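The values are calculated or read from the model by the stated rules, or taken from the named source; none is laboratory data. It should be emphasised that the depicted structure is a prediction, and the values quoted were computed from it without experimental measurement. Cβ placement follows ideal geometry from the backbone for every residue including glycine, while neighbour counts extend to all protein chains displayed. We work out accessible area using only protein heavy atoms, side chains counted, and drop any ligands, DNA or RNA first. Shrake-Rupley method; radii C 1.70, N 1.55, O 1.52, S 1.80 Å.
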Amino acid sequence: MMTRSPQGRTSRLTRPSIAVAAAVAVTAGVVAAAPDAKTAEPSPKLSLIAASTSVTLDSWKEDPGVYLDLGTYLTSENGAFELKVTRKSYKDPVLATQVLRNGKKTTTKALPAGLVKDFSGLPDFAQISVTDAAGKTVLKQTEAFCPNNASGRVRPDAPANSKYPQSCPVNPFTLGSVWGVENGWASNTYAGYYAKPVQLAAGTYTAKISVTKKYRDLFGIANKPQTVKVTVRERSWEEGEGSGSAARSAAPRSAKSATGHRGHTGHGGHEGHQQAADAPAASAHAAHGAPARPEAPAARTTGATPTFNVGHGPYPPAPPALPWALKRESLQRQAFSAAKVGDRPGQTDGSRQAPAAEPNAKRPTGKATVPDVPKPDLRSLPAYGITVSDGYEDVPGKDYLAFSANVWNAGPAKLVVDGFRSPGKELMDAYQYFYDAKGKQVGYTPTGTMEWDPRPGHEHWHFTDFASYRLLKADKKESVRSGKEAFCLANTDAVDYTVKNANWHPDNTDLSTACGQENSISVREVLDVGSGDTYTQDLPGQSFDITGLPNGTYYIQVLANPENRLKETNHKNNSALRKVVLGGKKGARTVTVPAHDLVNAN
């Protein structure tokens, strides 16, 4: 069963610092005189620049459409451009505040109410108009801007790394985010999957890009539009077929083609089920030398980390984290490995890997203690991405209710669980570790087990009893329980990066590195502060069987830490309910999902 989340977009491209630095070298003469970071005033100076005076974009005969990545960037000098975006609850609107830093002094400025509607970025930030060779305007539109977009330095004395997160979150139940362009850096204004492809025939055009007036006035941005010459070339999926190496350089494979055009993939084994059907066709196509259609410069992601893995969360992976100058060659090589896609050691569908956190060298010894130090606070988000389907040929005659669920860590301490197994045993013994304010381990406690899941697409270690999913009747008494209770922990979604000790760059986010291999003797799984772990319930065996349930009102319950095996700061906020109304008849069931307070996302 394949379902699709409505939240399938991202504002985050890859972070090609080297290439951007080279690309924006044309601006070196302008920014070289910028003030040094040590003497910068707190109010940043923002400017719109173009990395190049011309770009070439592809439109495909079989699926016409051009992604308008025009290579324009917003630079921040005289200090970092930083925004804090929050909502008190799902009953309250999203509010944005600009944060101004001057040494140890920090001031804030509230942005106008209603300016920001969600956490995906600043809406209607860039104004784009396109004229054809005859001077006729053929396109005029605005695009949103995520300050955390693909970015790079514009001068050599800028900070080597940006402190800001690497995406704007797209989970509909996000609570808080931080957006920023580092001092001396530039961030791509292209909206990625927040934008739709536009229809432009092959030919030459002139694009004019500017910052809309309300943002120029709000942030003091000079009205200096950028002009870029655009060449649109028409291409075909079948071009170069049978021409061997020539065909292999024709076009890169997209992340979309790698995942079989799935609207969203499930956790681990979920995507493996679909890939089994898709991969042979993809590999056969590649074997004939035909290029697969490339997607936009970056595919949809969850928006939590630089990993963008597909094992968790409802979004296909981003392409490899390589400089733009190297990306094409890399993707060309990938175009002929479609049969090898999947979550396995060393690869998660071409997405970039974060380093795995190493477990302690040895199983803990001595007396187990739970010291009085900061602990994690696990909380559940309401279910979303809710849909119904029959069992297809897998389980004919059955009806299922599928959904996505997320358990996140509100901190102030990260959740750290190590698994150790005795030689020859199938299960690992799991331990939760505790740390003092300086990061020193000061205690541990046994906390259940980890089990190896051998199914294709999973092939990693699951921590048992992390969460539980239940379908409750209108009186909120249990009706159906999902069999899914074992999980590989990873930081997939940035749920609230404004909480205390939130880590804006969490590690241990790639399934194949975070969750071990079959022959692993030990594994460490981490859920960092501010991040959550999304699982999609998109296979019949991991959804609610509603075949025999009468129509009516129900509640999907997402329950974190159901057996209270994990030590937390608060066990009273682990449950989240989402109301659903079942209808229809057997084989054609329907589901209506009312808004959850102000969040109207099914």
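Here are the numbers for the structure shown:
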read-out	value
So A25, is it among the hydrophobic types (A, V, I, L, M, F, W, C), out of contact with any Gly (no Cβ under 7 Å at 6 or more places or on another chain), modelled with pLDDT under 85 and in a helix (DSSP H, G or I)	yes
Selection count, the range 209-227, where residues are more than 30 Å from the chain's Cα centre (by Cα) and either closer than 15 Å to A133 by Cβ or hydroxyl-bearing (S, T, Y) (or both)	1
Residue, nearest to L68 (Cα to Cα), within the range 94-114, restricted to residues that are open to solvent by 30 Å² or more (accessible area, probe 1.4 Å) and among the β-branched types (V, I, T)	T97
Matching residues in the range 533-556 - criterion: being assigned to a strand (DSSP E or B), surrounded by fewer than 20 Cβ atoms within 10 Å (Cβ to Cβ) and either among the β-branched types (V, I, T) or modelled with pLDDT under 80 (or both)	T553
Candidate set: the range 115-149, residues that are basic (K, R) and assigned to a loop (DSSP other than H, G, I, E, B); chosen: the one least open to solvent (accessible area, probe 1.4 Å)	K136
Some residue of the range 427-445 being over 20 Å from R524 (Cα atoms), outside any strand (DSSP E or B), of a type outside the set (D, E, K, R) and open to solvent by 10 Å² or more (accessible area, probe 1.4 Å)	yes
Filtered residues of the range 390-445 (kept if more than 19 Å from H460 (Cα to Cα), small (G, A, S) and at pLDDT 90 or above)	A410, G411, A413, G443
Residue within the range 509-529 that is assigned to a loop (DSSP other than H, G, I, E, B), within 24 Å of G176 (Cβ to Cβ), at pLDDT 95 or above and not basic (K, R) present	yes
Qualifying positions in the range 415-426 - buried (at least 18 other Cβ atoms within 10 Å of the Cβ) and without any contact (Cβ under 8 Å) to a residue 12 or more places away in the chain	none
Cβ pairs under 8 Å, 6+ apart, first in the range 201-221 and at positive phi, second of a type in the set (S, T, Y) and surrounded by 14 or more Cβ atoms within 10 Å (Cβ to Cβ)	G220/S43
Residue, modelled with the lowest pLDDT, within the range 179-197, restricted to residues that are open to solvent by 10 Å² or more (accessible area, probe 1.4 Å) and outside any loop (DSSP other than H, G, I, E, B)	Y193
Residue match in the range 150-159 (condition: open to solvent by 50 Å² or more (accessible area, probe 1.4 Å), closer than 15 Å to Y73 by Cβ, in a loop (DSSP other than H, G, I, E, B) and charged (D, E, K, R))	no
Looking only at the range 581-602, and only at residues there that are hydrophobic (A, V, I, L, M, F, W, C) and closer than 22 Å to D92 by Cα, the one that is most open to solvent (accessible area, probe 1.4 Å)	L598
Selection within the range 76-114 - within 25 Å of N183 (Cβ to Cβ), free of Cβ contacts under 8 Å to residues at least 24 places away in the same chain and part of a loop (DSSP other than H, G, I, E, B)	G103, K104
Looking only at the range 160-178, and only at residues there that are within 18 Å of L74 (Cα to Cα) and polar (S, T, N, Q), the one that is most open to solvent (accessible area, probe 1.4 Å)	N161
Unmet criterion (only one of (1) over 29 Å from V373 (Cβ atoms); (2) open to solvent by 60 Å² or more (accessible area, probe 1.4 Å); (3) modelled with pLDDT of 85 or more) for R481	(3)
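One line per residue, one yes/no per condition, for (1) open to solvent by 10 Å² or more (accessible area, probe 1.4 Å); (2) not in a strand (DSSP E or B):
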| position | (1), (2) |
| --- | --- |
| N360 | yes, yes |
| K375 | yes, yes |
| V388 | yes, no |
| V395 | yes, yes |
| L401 | no, no |
| V407 | no, no |
| A413 | yes, yes |
